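Here is the structure we will look at, set down as structure tokens.
The values are calculated or read from the model by the stated rules, or taken from the named source; none is laboratory data. Just so we're clear, the structure is a prediction, and the values are computed from it rather than from any experiment. Please note: Cβ atoms are built from the backbone with ideal geometry, for glycine as well, and neighbour counts cover all protein chains shown. Side chains included, ligands, DNA and RNA excluded: accessible areas come from the protein's heavy atoms. Shrake-Rupley method; radii C 1.70, N 1.55, O 1.52, S 1.80 Å.
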Amino acid sequence: MRRLFVVSLACLPCATLAAQEPYKLPPRVIVDILDTPPLPVASVSPDRQWLLLLEQRSMPTIAELAQPMLRLGGNRINPRTTGPQLPGPITGLVLKRVADGSERRITVPTPAALSYVAWSPDSRTIAFVQTRDSGLALWVADPTTGQSHALTGPNLNATGGPPCQWMPGGTRLLCEFVPDGRGPAPVAPQTPVGPTIQETRGRAAPAPTYEDLLKNAQDERLFDYYFTAELALVDAATGARTPIGRPAIFDRIDASPGGEYVLVVRTVRPYSYLVPDGLFPQEVDVWDLHGQVAHHLVSLPSGEGIPIRGVRPGPRAITWRPGVPATLVWAEALDGGDPRNKVDHQDRVVTLAAPFSGEPLELTRLAKRYAGTRWDAQGTGLLEEYDRERRWVKTWIVVATKAPVLLFDRSGEDRYGDPGSPLMRPTAAGDVALIRNGDWIYLAGAGSSPQGDRPFLDRLNLATRKTERLWRADTVHYEAVVALIDDAGRSFITRRESRTEPPNYFMHQERMALRALTAFNDPAPQLTGIQKRLVTYTREDGVPLSGTLYLPPGYTPGTRLPVVMWAYPTEFASATAAGQVTAAPNRFNIIRGPSHLFFLTQGYAVFDDPKMPIIGGDTANNHYVDQLVMNARAAVKAVVDAGVADPDRIGVGGHSYGAFMTANLLAHSDLFRAGIARSGAYNRTLTPFGFQNEDRTFWQARDVYLRMSPFIYADSINEPLLMTHGEADNNTGTFPINSERLFAAIKGLGGTARLVMLPNEAHGYAARESVLHTLAEMIDWFDRYVKNAKPRASGVSSN
């Protein structure tokens, strides 16, 4: 906080130099851990007889990340493949039979760059997409033989998301293709034909600071070219294609449960340079399988001008109701989509069945916003209503023609009181529905408690609205429900781990011993011996806080260590909820990506996720800096009092909003010797229409924005700060210029900082070279300025 600047004499000759350097490597132990593929992820078949294990590679390479990329309408695509920027991460598919654990490996194509893996509704076929150099191809595999074959050439269009979905019955897929005869991509003229012009005429259109937007007419032409797709039905046995309708830009396609119709949401002009493509004008129709419009639902205008925290007027959250052939459900705003309009009911929820000729049937009206419905196959739904001002959630039992019945009425911030989420399963029609057994449905949740998370399985009676506890993880294992294997809840699959046992999948069966379905080994035995403990403590104003303290292998109790504190602030309306424990101390230590937990391999202790609540609801940020420093002061005291931290060797770091936190803590306190800030935003005038949970604009809360901006206080950042940022950051608000300008400010003021700009990287870092280099920078920085820091100058406090 004091305006003292640390200047390393050894660095004076290079203080003004900036250059692109080769990628660096962190210590070998970290490289070895990260180069090991992660543990497989499991997918349970709809008939619940198979466990499909998805094997993945460790990380893509920088060469892959450096492939051509277009940033259009809020999307990033590879123009060579007409699909996602990166190839599919899945390298192998392995089947495990649930009944006996027998295993079968599926033959996959080369290169094995797979994605969009999906079971057919009848569990007889597995579909997946292969990324080739020239495009995306659809493949199918037979679980009974393990053999696979291609159904299409490399001509799928995945610019808008998964290119294929199963039709009901499981014999056909509905896919988006590159239109036949598309021709070459449009080329920008060498000589501009004129300027790009935008104009506004008195209509307010506040918008977040989205990234990757359209910028000019050439972007519009490219958007049309790459995002236009042709719909077709693909026979899962022969690959025969049946086109549906005319090519268009499809924001969404969704087959009805009966298979006779398709909900089609098309993106149309005029496009916007202010919002992403999901908020471009849209035509919402129901098509038959010949591409004819069976019903036009709505023409939605551009989303420009949607109020902050508002919604687009007209039908939204449009879905098919499972269990019936073709019934649509959607919500409509009754306040014009503007929460500032005070009305008795903000939303209504309606339904409309085929042939879509009458008026929609109103299911209910809601005082607050609609947040979605989970349906069973018999016509009963669990509808959620959300009150943002109170952070409050109501869950209603809804049945057509009957008045809704209130099921849950609770704080959305209250983790201890969370009843869990309803368990769903795929139906024969290919949609998903609540698992129901008579009047009973099933809920699974994290089971948060003052001792940490202990996941549970409950059943809930829809008639009595009473719950019964069926199972809860023991006090040694972290074990969460993956899927029910029968609708009576007598058998279910969990993912089970402990501090010493790596995650594996297990079968629970009534009156039978627990049975392992997988036997994955520890992917990083180098981390054996790491200790962790849940630490609870109290902020000076009485708010209880907590965090997880990790100790390096071989730690001797009583030894004072350098400590890395890594955190992320969160806003709360309730002080009670802010003080709840959210840790899971029984989880196995698996470290991936540029994780701060790798400091444990270098002799540091790590205080992970010490809570940084900012309490006060919509005006919490009025006291952001004061509460942030109070949180940090309490966390430092906790690790020092625990006998672990050397109070003179504590560093702080964070990613994104945690980076913002880090810069603020260095500017407004002297608690830490140095900081690491990754992909942060530091000047809130660059996000003038809100950020995180701040709804007020800069012009409504000017002092708050300025007080929260560490850039304004760069002259008070007197501890060394390492900043890293992806040059292609795609996160709303965290423009790379944030780090560039803060570095320039610190440099101009004579402070100590280092700026690392990672080529081709987005908000989170993906390429192997980038991840390893980031870790090397982090360790080098804290080794110099924390672990091996000289004693503080006389008169500089650590509080």
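Some values worked out for this structure:
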read-out	value
Where labels lie 7 Å past Cα in the beta-carbon direction, separation of Asp100 and Met512 in nm	1.3 nm
Cα shape, the stretch 117-233, gyration tensor, a/c 1.5 rule	prolate
Solvent-accessible heavy-atom area per residue, rounded to whole Å², over the chain at 1.4 Å	42 Å²
Value of relative contact order over the stretch 727-799, rounded to a whole percent, pairs C-alpha under 8 Å and six or more apart	30 percent
Size of charge dipole - the stretch 562-662 - debye, nearest 20, with Cβ of Lys, Arg +1 and Asp, Glu -1, no other charges	240 debye
³J(HN,Hα) computed for each position of the stretch 374-387 - Karplus, 6.51 cos²θ - 1.76 cosθ + 1.60, integer Hz, glycine/proline x	10, 9, 8, 8, 10, x, 9, x, 9, 9, 10, 10, 10, 9
Net charge of neighbours whose Cβ lies under 12 Å from the Cβ of Lys790, counting Lys and Arg as +1 and Asp and Glu as -1	+4
Net charge contributed by nearby residues that have their C-beta within less than 14 Å of Pro27 (K/R +1, D/E -1)	-2
Candidate lysines - alpha carbon under 25 Å from Lys532, same-chain residues fewer than 8 apart omitted	Lys611, Lys637, Lys787
Probe 1.4 Å, all protein chains present, accessible-area order of Glu230, Glu468, largest first	Glu468, Glu230
Nearest-20 debye value, the chain charge dipole, Cβ charges on Lys, Arg, Asp, Glu	1240 debye
FRET efficiency for Val268 and Ala217, using Cβ-Cβ distance with R0 set to 22 Å, rounded to 0.05	0.85
Folded to 0 to 90 degrees: helix 657-668 orientation relative to the chain principal axis, Cα	20 degrees
Amide hydrogen neighbours beyond the local backbone of Tyr478, cut-off 5 Å, H modeled	Glu497, Ser498
Accessible area of Val481 in the full protein assembly, 1.4 Å probe (Å², nearest 10)	30 Å²
In sequence order, calculated HN-Hα J values of the stretch 25-42 (Karplus, 6.51, -1.76, 1.60; Hz; x Gly/Pro)	10, x, x, 4, 4, 6, 4, 4, 5, 6, 6, 6, x, x, 5, x, 9, 9
Relative contact order, percent, the stretch 302-348 [alpha-carbon distance under 8 Å, six or more residues apart]	34 percent
Relative contact order (percent, whole number), the chain, Cα cutoff 8 Å, 6+ residue spacing	10 percent
Efficiency of FRET from Cβ geometry, Gln190 and Arg465, R₀ 60 Å, rounded to 0.05	0.30
Simple spin-label estimate for Arg754 and His149 in nanometres, 7 Å along Cα-Cβ	5.7 nm
Linear extension gain, Arg490 paired with His296, 0.36 nm per residue minus alpha-carbon span	65.3 nm
Potential extension, Thr475-Gln378 segment - 0.36 nm per residue separation minus Cα distance	31.1 nm
The chain: angle of helix 737-749 to the longest principal axis, Cα-based, in degrees nearest 10	10 degrees
Gyration tensor (alpha-carbon) shape descriptor, the stretch 700-799, a/c threshold 1.5	oblate
The chain - percent of accessible surface contributed by carbon and sulfur, probe 1.4 Å	52 percent
Estimated FRET transfer efficiency (Arg203, Arg390; beta-carbon r; R0 45 Å; 0.05)	0.90
Taking the C-alpha atoms of the chain, convex hull volume expressed per residue in Å³	177 Å³
Computed accessible area, Lys466, all protein chains, 1.4 angstrom probe, square angstrom	140 Å²
Tilt relative to the chain, helix 624-641 - C-alpha long axis, 0 to 90 degrees, to 10	70 degrees
Solvent exposure, largest accessible area first (probe 1.4 Å, DNA, RNA and ligands not counted), of His345, His290	His290, His345
Accessible area in the full protein assembly, largest first, 1.4 Å probe, for Cys175, Cys164	Cys164, Cys175
Summed side-chain charge close to Pro184 - residues other than Pro184 whose Cβ falls under 14 Å, Lys, Arg +1, Asp, Glu -1	+2
Farthest positive-ward along the chain dipole, Cα basis, beta-carbon charges - from Ser679, Gln602, Leu289	Gln602
Furthest towards positive pole of dipole, Phe691, Ala428, Ala714, structure part the chain, Cβ charges	Ala714
Potential extension, Thr556-Asp409 segment - 0.36 nm per residue separation minus Cα distance	48.1 nm
